[in-house]
Amino acid sequence: MNNIRNQVGRWIKAASYLGMAITFVLVWITTIDVVLRKVSNFSILGSYELTEIGMVILIFLGIAALQVDRGHVRVDMFVNKFPGRAKYITEAVVLLVETAVMTGMTICAFLKIFDNYHKGISTSVLLIPTYPFVAFMCFGLGLFSLLLLLDTVLTCIDAVKYKKPETKKH
């Protein structure tokens, strides 16, 4: 199971390079737009929309990439005080709830792709269709959900395999 998670993690890390490239492009577009506005009172048409679209890709690829390293914010101040197996069980329940919520969001995003496509929804200035970017959102949420599910299974395995540490008798 760890091998599957590691393989999925490698694919997500590879996809995160797309996010890095988008960040690079967005920084340059924004910088050039600001300089042009200050120097010549001219602006790049649609720079704000391009930034919004780029951020969708960046954020939803980022949440999956962050889960690869288990880097999301967690409040485990009380869970750390639980006895051995209870830690794993609590962690598994929380991960299961997170998986269910993210899977629901993935399904909603998937349905939103078709909704945006059929309604012909596009950006207001550049008239770029929004459904491909909703697809990126769905893709990122799906990867995040998959990682959460794998982490849930791995945590359940750890709970089952847990052995209470032996105490030394004096």
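The values are calculated or read from the model by the stated rules, or taken from the named source; none is laboratory data. Computed from a prediction, not measured in an experiment: that's the story for all the values here. Glycine gets a Cβ as well: all are built from the backbone with ideal geometry, and neighbour counts include every protein chain shown.
If the condition is being surrounded by 14 or more Cβ atoms within 10 Å (Cβ to Cβ) and over 25 Å from residue 67 (Cβ atoms), then segment 20-50 contributes 29, 30, 33, 36, 44, 46, 47, 48, 49, 50.
Whenever a residue of segment 126-150 is more than 21 Å from residue 7 (Cα to Cα), its partners that are of a type in the set (A, V, I, L, M) and not in a helix (DSSP H, G or I), lying with C-beta atoms within less than 7 angstrom and at least six residues away or across chains, give the pairs 130/121. Within segment 1-19, if we keep just the residues that are surrounded by 13 or more Cβ atoms within 10 Å (Cβ to Cβ), among the aliphatic types (A, V, I, L, M) and under 16 Å from residue 151 (Cα atoms), the residue that is nearest to the chain's Cα centre (by Cα) turns out to be 12. Scanning segment 110-134 for residues that are under 23 Å from the mean Cα position of the chain (by Cα) and either among the charged types (D, E, K, R) or closer than 16 Å to residue 52 by Cβ (or both) yields 112, 115, 116, 129, 130, 131, 132, 133, 134. Of all residues in segment 97-123, those that are acidic (Asp, Glu) have Cβ atoms under 7 Å from Cβ atoms of residues that are in a helix (DSSP H, G or I) and surrounded by 14 or more Cβ atoms within 10 Å (Cβ to Cβ), 6 or more apart or on another chain, in 98/148. For beta carbons closer than 9 Å, sequence separation of 6+ or different chains, a first residue in segment 58-81 that is more than 17 Å from residue 92 (Cα to Cα) and in a helix (DSSP H, G or I) and a second that is among the basic types (Lys, Arg) and at pLDDT 85 or above, the qualifying pairs are 65/13. Against the conditions (1) of a type outside the set (A, V, I, L, M); (2) surrounded by fewer than 18 Cβ atoms within 10 Å (Cβ to Cβ); (3) modelled with pLDDT under 95, residue 104 satisfies every one except (3).
Might you check whether a residue that is surrounded by 12 or more Cβ atoms within 10 Å (Cβ to Cβ) and either over 21 Å from residue 19 (Cα atoms) or of a type in the set (Asp, Glu) (or both) occurs anywhere in segment 68-77?
yes
Residues considered: 154, 148. Of these, the only one that is of a type outside the set (Val, Ile, Thr) and either under 14 Å from the mean Cα position of the chain (by Cα) or in a loop (DSSP other than H, G, I, E, B) (or both) is 148. Each residue in segment 119-145 was checked for being part of a helix (DSSP H, G or I) and surrounded by fewer than 14 Cβ atoms within 10 Å (Cβ to Cβ), and 1 of them qualify.
If only one of 110, 42, 60 is of a type outside the set (Gly, Ala, Ser), under 30 Å from residue 153 (Cβ atoms), out of contact with any strand residue (DSSP E or B) (no Cβ under 8 Å at 6 or more places or on another chain) and modelled with pLDDT under 95, which one is it? Only one candidate passes the filter, namely 60.
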